[in-house]
1. Would you work out which of B:Gly87, B:Leu67, B:Leu22 lies farthest towards the positive end of the dipole of segment B:1-109, given +1 charges on the beta-carbon of Lys and Arg and -1 on that of Asp and Glu, about the Cα centre?
2. Quick one: which of A:14-21, B:304-311 comes out on top by average Cβ neighbours within 10 Å, and what's the full order, highest first?
3. How about segment A:141-218: which trypsin sites (Lys or Arg not before Pro) there lie in a loop by DSSP and see at most 13 other Cβ atoms within 10 Å?
4. Which of the peptides B:41-52, A:316-327, B:326-337 is most tightly packed, and how do the rest follow, going by the mean number of other Cβ atoms within 10 Å of each residue?
5. Below 8 Å, C-alpha to C-alpha, sequence gap of six or more: please give me the relative contact order for chain A in percent.
6. In a solvent-free Debye calculation with one equal scatterer on each Cα, what is log10 I(q)/I(0) for segment A:82-170 at q = 0.15 Å⁻¹, listed in the order of the q values?
7. Taking segment A:374-406, which GluC sites (Glu not before Pro) meet the DSSP loop condition and have no more than 14 other C-beta atoms within 10 Å?
8. Can you tell me what percent of all Cα-Cα pairs in segment A:336-420 are more than 21 Å apart?
Number of protein chains: 2
Amino acid sequence: MKIKKIGIIGLGHVGEAVIKSLRKYSGLISRRTPLKIVVKKVCDKDKAKRKIAKKLGCSFTSSPQELIDDPQIDIIVELMGGIKPAGDFIQEALKKGKDVVTANKALLATSGKQIFSLAKRKNRSIGFEASVCGAIPLIKSISQGLVSCEVKKIYGILNGTTNYILYKMAKERIDFKQALRQAQDNGLAERSPYLDIEGKDALHKLCILSYLCYGVWPLQNKIYTEGISKISLLDILYAQELNYRIKLLAIAKKEKGVLDLRVQPTLVSMEHPLSHVSLAYNAVYLHTQPAGELLFRGEGAGGVPTSSAVISDIVSIASGKGMAIRDEEKGVIQNIKDARARYYIRFMAQDHPGVLAKISKILSSLNISIASVTQKERNKGRVVPIIMLTHEAREDSVRKALTEIDSLGVIKGPSQRIRIEDL
Amino acid sequence: MKIKKIGIIGLGHVGEAVIKSLRKYSGLISRRTPLKIVVKKVCDKDKAKRKIAKKLGCSFTSSPQELIDDPQIDIIVELMGGIKPAGDFIQEALKKGKDVVTANKALLATSGKQIFSLAKRKNRSIGFEASVCGAIPLIKSISQGLVSCEVKKIYGILNGTTNYILYKMAKERIDFKQALRQAQDNGLAERSPYLDIEGKDALHKLCILSYLCYGVWPLQNKIYTEGISKISLLDILYAQELNYRIKLLAIAKKEKGVLDLRVQPTLVSMEHPLSHVSLAYNAVYLHTQPAGELLFRGEGAGGVPTSSAVISDIVSIASGKGMAIRDEEKGVIQNIKDARARYYIRFMAQDHPGVLAKISKILSSLNISIASVTQKERNKGRVVPIIMLTHEAREDSVRKALTEIDSLGVIKGPSQRIRIEDL
């Protein structure tokens, strides 16, 4: 039985769960892989964590450098989060010839390019299973299980918080703020929930998937990212009547060498399995060749589930089966203005004769063709919602049309537009 | 770049697709893994296949021994199917120091015990990703991605043919025979569909999952296996009214050291993602610790999708990352008579006063408690269906009760009982 020693930087929920799971399931692990993983030392900048480490039977330090310099430690497990100084620690560990496991999506989305190329030069492994979709073994599935597959399209519910909020809004007919509060009360959303609800967390994960599937580390600011804070209960209910659910999707498509990457609220047909992903679950739907369409679904966060992904990386690397690091490739990222989609559009219009004619005229002048129209209520002279579904149209044209339409006197308040994806 | 040479035994749909995919995606594979896979020779007992081999640019033989004896071949890929002589070829290849990749579920379910222990003794790898759920990277996910996880429960739609039939029956309101014919017409069911519709194919895959998750190779005849040929449209529609769908599930649960393994038609709540698995898709729902609940869904069959799984095994093994072979463990398999479940029961009873009292009396005498009763139609003196859902009851008691009830004069035709699983 081979013994491998690890050092853990960051003793939060995940770190603690990793240590506990390593102990609890050590028999199981060694039955599957002739290997013993020993936690040599844990580190946290918060010295009060020494107590927790002691309870867990682990040697403690508040200096990451101590772990990095320890010649007995084979693998550094970075679970502290944040970009600085986590990235420096990882790079130093690689330079010292150590392999690295990390759950740090923000860091990889920002500095993955440098970190992976350094690891490649140093002939080291990086495990990052926990950085996307928590407990779902997605990274290994794509890199190993689907090693011969072109990933044509990725549709991911990569953020549990926003999925929970949208699910609760629909299920309990409550508005965004109420649902957000529920998520916060249940520990599913942070007190400052910006990263989640504005789609940034999903964006980080999408960047990692872009590297994994296409070899391309995109610049985050080149990726269209729209969160869910402007999704109203009204739109959720209207979408439902049209047999759609609204989900925050991270999307990647590769066509003719161009990468279409976005994070956006999306109308997903109720016939599609992604529409049924409830609560805070994560899920990824892949269109591949030759493996066809695949769905993965599971817990996207939480210390205990995530510990499974971290340990799977530790075991893979410790048994010499870490992922080979692919070379970076050049990629052209599509500008959102050039993207094409079908649209759900809601106008708030005065119930006057001729309103529809005015809207239609503008749409048609920009080559946007209407697939269906529903006026939700009749209420002469008052403001009523008009729901339109369009055929495929260019984003740029839709933006222009909406600016023009919203400036009409009969239109009250900004129009809502949500893209539809035919998954 | 490392070159690895393989020999393929069996040039059917999967074999052909493997050769084509290896060529088509060779660039992709080598970008992910510094490796070149060369098909040294293919073999089929049908000499007419020489033509196909030629078209594919492959050297051909009709003698498997030639591949096994070839010192240049590192990996034997067995895609011929059947138990004899495939098992002999695999064992000989292992004895000659070759690694093996196989998609042969019937063989592994029957002889996995000997094959894996031989491979372990010879320090060889066996890749069997394609043997369960076709293109879904389930085997690697469980053995590597979930390496630290106890798999508490497995619920699998492991057979596409039966899922297609049940799906079509519900969707188009047709009976079993019509749906079977559709499946046959679409190439989704064999002309002699026994292995699929009676649950044997799912049973084979369940045996493999039992080894993978619990280290136990069960005897097939110890596993309760019930197919779908007795499922009527009536039951599908009644189940639907009660918010359930009927799915053929392969089930494994481990509790207190006892393994509960079965293949059975099952009522699955429409709230559960497995109920939405449509057409011929396969899916597996796992309850694990610490990774929580996970769903995998994808193409379960077909040459092209399955080639992805075969190639992933070839690449893993060729790059020295094949799965470590776990030791066999002893397992106690639960007798179905001792199993407990909730039940859907349909009686065909004469519409007479007192019928329900008679049925209830028998059920209660055997400690079976009724959760709900629906009499579908009123038709005095004629035969009408009565639908009951029970609380959890012992299989043995339910069988006794139904035998007794079916012998009542007011009951016409045998009763139907389908287990409900609260996934």
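1. The residue sitting most towards the positive pole is B:Leu22.
2. Values: A:14-21: 24.4, B:304-311: 28.9.
Descending packing order for the listed peptides: B:304-311, A:14-21.
3. Values: sites: A:Lys152, A:Lys153, A:Lys168, A:Lys171, A:Arg173, A:Lys177, A:Arg181, A:Arg191, A:Lys200, A:Lys205; in loops: A:Arg173, A:Arg191.
Loop-located and lightly packed - A:Arg173, A:Arg191.
4. Numbers: B:41-52: 16.9, A:316-327: 19.0, B:326-337: 14.5.
Ranked by mean Cβ neighbours within 10 Å, highest first: A:316-327, B:41-52, B:326-337.
5. Working: 895 pairs, mean separation 68.8, N = 423.
Dividing the mean separation by the residue count of chain A yields 16 percent.
6. Debye curve over Cα of segment A:82-170, log10 I(q)/I(0) at q = 0.15 Å⁻¹: -0.69.
7. Numbers: sites: A:Glu377, A:Glu392, A:Glu395, A:Glu404; in loops: A:Glu377, A:Glu392.
Those that pass, being in a loop and sparsely packed, are A:Glu377, A:Glu392.
8. Working: 749 of 3570 pairs.
Summing the P(r) tail past 21 Å for segment A:336-420 gives 21 percent.
Every number in this text was worked out from the coordinates using simple rules, so none of it is lab data. The shown structure was predicted, so the numbers you read here are calculated from the model rather than taken from an experiment. Note that each Cβ is placed from the backbone with ideal geometry, even for glycine, and that neighbours are counted across all protein chains shown.
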